[in-house]
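Values in this text are rule-based calculations from the coordinates and carry no lab data. Keep in mind the model is a prediction, meaning the values are calculated, not measured.
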Amino acid sequence: MDVDVEVRTRIARPPQEVAAYAGDPGNAPQWYANIRSVEWRTPPPLAVGSRMDFVAAFLGRRLAYTYEVVKLVPDERLVMRTADGPFPMETTYTWAADSTSAGEGTLMTLANRGRPSGFAGVAAPAMALAVRRATTKDLARLKALLER
C-alpha cells in the first residue's frame, strides 16, 4: 500500500519569499521537526539534478536518505525523490499566490508519496497518519517562522 499525504497552509508572505525559504534544503532542520541535518552532495544552488543527504528521526528510528531534485519551477514547484534510503519517496512543494488573503499571501502545499516495502508496507496506513500529523505540524512551524 502506498503512503500518499498532501497538506496545505496559507502563509501571509509573498510566494517568492516562502519558496526561497522553504525550497532551500539548508533551512529544513529549522522547520521540519524530524529532520536533523542536510548536507549537499552536489554544489548549491538548487537545480534539477541537485542531491542532498538528509538525516531524520521518524517513528523512533533514524533515517538517512538522499534526495534528488527532479523538477524545479522557481517560486512555483519543487519535486524531490529519494535516490536511496529506507523506501522510495517523492516530496513535492508547491507555492501559489493566495487570492483569499488580505495583501500578499501564499498557499503552500507539501505532498509526500512513497511505497514502503516489507514490514513498513504492512504498516503503511499507520505511517500515512504519522506523516500527515508531522507534515501538518511542520507547515504550522514554517508559517510561524515566516509570519513573525
Could you tell me how many degrees, from 0 to 90 and to the nearest 10, lie between the Cα long axis of helix 124-147 and the main elongation axis, the longest principal axis, of the Cα atoms of the chain? 30 degrees
Give me the three principal axis extents of the chain from the C-alpha atoms, as integers in angstrom, largest value leading. 48, 34, 23
One finds the C-alpha centres of segment 20-41 and segment 43-61 to be spaced, in Å, by 8 Å
